[in-house]
Each structure stands twice: as C-alpha cells, then as structure tokens.
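Novice: Right, I'll just put the structure down here and ask away after.
The values are calculated or read from the model by the stated rules, or taken from the named source; none is laboratory data. If you're wondering where the values come from, they're calculated on a predicted model, not measured in any experiment. Note that each Cβ is placed from the backbone with ideal geometry, even for glycine, and that neighbours are counted across all protein chains shown.
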Amino acid sequence: MRRAAFIYDEALSHHVLREDHVLRPTRLRYTYELLESYHAFDGQSSHLVPPRSATEAELISFHTQEYVSAVRDFSEGRFSVDPAQFNFSDYGDNPIFPGMFQAASLAVGASLVAAEMVAKGEVDAAFNAAGGFHHAAPGYASGFCIFNDPVIAINYLLGLGLRVAYVDIDAHHGDGVQNAFYGTDKVLTISLHESGRFLFPGSGDVSEMGSGVGRGYAVNIPLAPFTGDDIYLRAFREVVPPLVSRFTPDILVTQLGADSHYLDPLTHLRLTAQGFVQVVKELGVLCPHWVALGGGGYEMGAVPRSWTLAYGAILGRDFPDAILESYREKYGLRTLSDHQPPAIDAASRLQAQAFAQASVAAVKRDVFPLHNLAASSQ
C-alpha cells in the first residue's frame, strides 16, 4: 500500500456558483462521506489533510496581477472594471459569486498541499479532488475554472528542479495546462479527451504538439463520442505508458475528471466507473511519486463513486462494491461499480474505434519519433 493523503475540508464544498449551475461543489462532500464510510482514512498509510489558501504570490506564479486583483474585487462586490473583460458573466459558464476568490484560492492551496507533501516525501501520493481546474488562463476564467491549480502546483514542483509528467483524463481537453507549458521540455502534458470537434473547448488535436524545445512534449489523444472502456483503455495503453516511461518524470501529476462517465450530462464518452478506475490504477504504476487532482464530473452519483474508487486505487486498496446502508439511504447509491453498462450501438462503436485508432496512429507517427520511440511501441 502507498502512503497517501486525501486533501479535504468542508470549506471546499460550501460555495454555490449559481443555483442552476451544473458544477456543484457538494460532490466533494459526497465523496468524502463515501470514503469515510469505507474507513478510508483509518490506519497509518492514509491521511486526511486540511487545505490552506494559496498566497497571492503563488497565484501570480501563473496568473496576471490584474486578473487576481479583479477576481478578489468581484468576489467582494466591487466592479471597477467590466467582468466580461475576464470572461465572467451572470448567466454563462463563469458566474461571479460571493466568496469566489476565497473558494478558488482554497482549491489552489489544496493542490499545493498535495504537491508539497509528495515533494517532501511525507507521502507517496496525494489526492485533491477539489482541484483540476485545467481551463483557466493567465488573465481570464474559462470552463468553470477561475484559477489554474494544476499549473500553479506544477510551477511549484518545477521550482524545486523536478521533471513533471501531467496526464489529464477529463473528458474535456486540458487546454490551460497544455498552453502553460507548450514551449518547454521540462513538462510532458498528455490529454485524453473527447475531440474538440464535438466538445468544449474545441482544442486538443493531435497536431498540437508543442513549440520550440517543447515540440513533442504536448500530446493529445482526441476521442469520439460513444468511446467505451475497452477503446479508451487501448488508446491509453498504446500512448501514455511508453511516453511517460521515456520521459522519466520525478513526479506524476494527473487530472482525474470523472466526466467521461456514461451518465455525465455534458459529455458523450461512455466510460463506466470500473473503466475509469482501471485507468487510474494504470496511471499509478507510471511513477512512484503522484499528485492526483479532481476535475470535471457533473452527474452527482457517478462522481463520488468514481473518486472513491480512485482514492482506493491511489492507496492500493479495493473497497467492497456494496455501499453501506447508511450512505445508500442518504444518497441512493447502491454500488461503487456500474452494473448496467451503457448501451452503444454497433455503428457508434465502430466510429469510436476508428477515431481512436486514427488518433493513436497519428501520435505514434508524429510524436513518438521525437522521443526516439518506435511507432510499434506498446
């Protein structure tokens, strides 16, 4: 079993972006309560650790001072500049809500706590389910993301002289993280996602490979709607392990968005909870030092099940499939795994398979040679 930490406090789940907003931070409390019901934090190998707020200096390690100041002002009801300048609006993806600066800073600080614990050798792995806001740009919000905690955590690790591999399995392309490190070979970014032809943010084609010394260090595996467990896992296995192994990172940072689940209301991939956790398990063998972050996930039953399974995989524990009656009565969830797999018609399956094969083939043709990997690597 790994020595692992789960970063959580109730303060991470209290805010409301907007009453009708699809991102509901209460999913973090549901996950914590489910893990607690499995006694996931008992024993010496698992630690429940509170977060801290990121400092302004940490926030501006990626974001502009102007943007950080604007987020603070909007959060406190001061509007000396137009919020639209920073991609905030009342009815769009990125609403302004009371206390948003504090909420976003705490999520960043939680990811920094995870990175600090792993970098200092206090644990082998740490999971901040409240993190993973991979779309935020230096000077504006994007895709529900205010501050980009993966980038800020990676910047901290780079400041220690460490090499970082970042693997993003959210259904949406990890554009903000890719863009932050597009011109460096110190960070390998890999994103598996539903193709931008079908889903926000519209980016993440295989041709986005990095620039200058970073060419070949941005890797994308776009997938088609109706991609299920087997197709997804094969694409992952053919690309991710050989590239990460060749890169030899000091620390692996992963974004474990659970919106690839077949019940998710925003996306069109068709993973089950057990398919998702199999990917997490295979991520866990790529590097002994692991910082895991949350991300997307908008079906309130799928997210806590997926992230509970993920923390079990991080620990090296298999939790019983049957959920305890007390939790079941409160939230209506019966099992961790999915016992009714998604229906995928033959034509959709064939299209998804062909799309994945084309993406993998393009990565092997264009990216693998830049790392001196043969196209036939498995």
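Novice: Just wondering, is there one or more residues in the range 209-221 that are among the aromatic types (F, W, Y) and either closer than 15 Å to H134 by Cα or in a strand (DSSP E or B) (or both)?
Specialist: So far as the range 209-221 goes, no, none of its residues is among the aromatic types (F, W, Y) and either closer than 15 Å to H134 by Cα or in a strand (DSSP E or B) (or both).
Novice: While we're here: Pick from the range 208-245 the residues that are in contact (Cβ under 8 Å) with a residue 40 or more places away in the chain and among the β-branched types (V, I, T): which of them is farthest from P369 (Cα to Cα)?
Specialist: Among residues in the range 208-245 that are in contact (Cβ under 8 Å) with a residue 40 or more places away in the chain and among the β-branched types (V, I, T), the one farthest from P369 (Cα to Cα) is T227.
Novice: Do you know which residues across the range 26-40 are in a helix (DSSP H, G or I) and small (G, A, S)?
Specialist: S37
Novice: Kindly indicate which of G284, G296, G301 is touching an Asp or Glu at 6+ places or on another chain (Cβ under 6 Å) and small (G, A, S).
Specialist: From the options G284, G296, G301, the qualifying one is G296.
Novice: Next question. Quickly run through the range 109-120 and pick out the residues that are crowded, with 24+ Cβ neighbours inside 10 Å and either more than 19 Å from A165 (Cα to Cα) or more than 18 Å from the chain's Cα centre (by Cα) (or both).
Specialist: G109, A110
Novice: Tell me the residue from L162, L157 that is part of a loop (DSSP other than H, G, I, E, B), more than 18 Å from V239 (Cβ to Cβ) and not acidic (D, E), please.
Specialist: L162
Novice: So, L59, is that one more than 26 Å from L158 (Cβ to Cβ) and not charged (D, E, K, R) or not?
Specialist: The answer is no for L59.
Novice: Still on this structure: Looking for whichever is touching a residue at least 24 places away in the same chain (Cβ under 8 Å), in a loop (DSSP other than H, G, I, E, B) and over 23 Å from E325 (Cα atoms) here; the options are L12, L48, L23. Which one fits?
Specialist: On the way: L12 fails: in a loop (DSSP other than H, G, I, E, B); L48 fails: in a loop (DSSP other than H, G, I, E, B).
The match here is L23.
Novice: Then there's this: Quick check on my filter: what residues within the range 319-361 are in contact with a helix residue (DSSP H, G or I) (Cβ under 9 Å, 6 or more places away or on another chain) and of a type in the set (K, R)?
Specialist: Hits for the range 319-361 are K330, R334, R349.
Novice: Residue under question is G257, and the condition is that it be in a helix (DSSP H, G or I) and either in contact (Cβ under 8 Å) with a residue 24 or more places away in the chain or of a type in the set (A, V, I, L, M, F, W, C) (or both); does it hold?
Specialist: Spelling it out, it is not the case that G257 is in a helix (DSSP H, G or I) and either in contact (Cβ under 8 Å) with a residue 24 or more places away in the chain or of a type in the set (A, V, I, L, M, F, W, C) (or both).
Novice: Another question, if that's okay. Could you list all residues from the range 16-51 that are within 20 Å of the chain's Cα centre (by Cα), surrounded by fewer than 20 Cβ atoms within 10 Å (Cβ to Cβ) and closer than 30 Å to Y91 by Cβ?
Specialist: Matches in the range 16-51: L17, H21, V22, L23, R24, P25, T26, R29.
Novice: Considering P320, P304, which residue is in a loop (DSSP other than H, G, I, E, B) and modelled with pLDDT of 95 or more?
Specialist: Values: P304 fails: in a loop (DSSP other than H, G, I, E, B).
Criteria check complete, one pass: P320.
Novice: Only residues that are surrounded by fewer than 24 Cβ atoms within 10 Å (Cβ to Cβ), more than 15 Å from S203 (Cβ to Cβ) and within 14 Å of the chain's Cα centre (by Cα): list them for the range 137-155, please.
Specialist: F144
Novice: Continuing with the same structure: Among the residues of the range 114-121, are any outside any helix (DSSP H, G or I) and at pLDDT 95 or above?
Specialist: For the range 114-121, residues outside any helix (DSSP H, G or I) and at pLDDT 95 or above: present.
Novice: Let me ask you something else. Starting from residues that are without any contact (Cβ under 8 Å) to a residue 24 or more places away in the chain and within 24 Å of A126 (Cα to Cα), keep the ones in the range 56-108 and report whichever is surrounded by the most Cβ atoms within 10 Å (Cβ to Cβ).
Specialist: Per the criteria, the residue is I60.
Novice: Something else: Across the range 245-254, which residue is farthest from I190 (Cα to Cα) among those that are outside any loop (DSSP other than H, G, I, E, B) and touching a Cys at 6+ places or on another chain (Cβ under 7 Å)? Walk me through it before giving the result.
Specialist: Initially, the range 245-254 is screened for residues outside any loop (DSSP other than H, G, I, E, B), giving 245-247, 251-254.
The next check asks that each one be touching a Cys at 6+ places or on another chain (Cβ under 7 Å); those that pass are 251-252.
On the way: I251: 14, L252: 11 Å.
Filtering first and then ranking leaves I251.
Novice: Whether any residue in the range 220-239 is among the polar types (S, T, N, Q), buried (at least 20 other Cβ atoms within 10 Å of the Cβ) and touching a Gly at 6+ places or on another chain (Cβ under 8 Å) is what I want to check.
Specialist: Scanning the range 220-239 turns up at least one residue that is among the polar types (S, T, N, Q), buried (at least 20 other Cβ atoms within 10 Å of the Cβ) and touching a Gly at 6+ places or on another chain (Cβ under 8 Å).
Novice: Here's something else I'd like to know. Please determine whether any residue of the range 328-341 is of a type in the set (S, T, N, Q), part of a loop (DSSP other than H, G, I, E, B) and either in contact with a His (Cβ under 6 Å, 6 or more places away or on another chain) or free of Cβ contacts under 8 Å to residues at least 40 places away in the same chain (or both).
Specialist: Within the range 328-341, one or more residues are of a type in the set (S, T, N, Q), part of a loop (DSSP other than H, G, I, E, B) and either in contact with a His (Cβ under 6 Å, 6 or more places away or on another chain) or free of Cβ contacts under 8 Å to residues at least 40 places away in the same chain (or both).
Novice: Applying the selection to the range 137-186, what residues are touching a residue at least 12 places away in the same chain (Cβ under 8 Å), farther than 25 Å from S53 by Cβ and of a type in the set (G, A, S)?
Specialist: Selection gives A165, A171, G183.
Novice: Mind checking whether some residue in the range 352-367 is crowded, with 19+ Cβ neighbours inside 10 Å, in a loop (DSSP other than H, G, I, E, B) and either touching a residue at least 40 places away in the same chain (Cβ under 8 Å) or not charged (D, E, K, R) (or both)?
Specialist: Yes.
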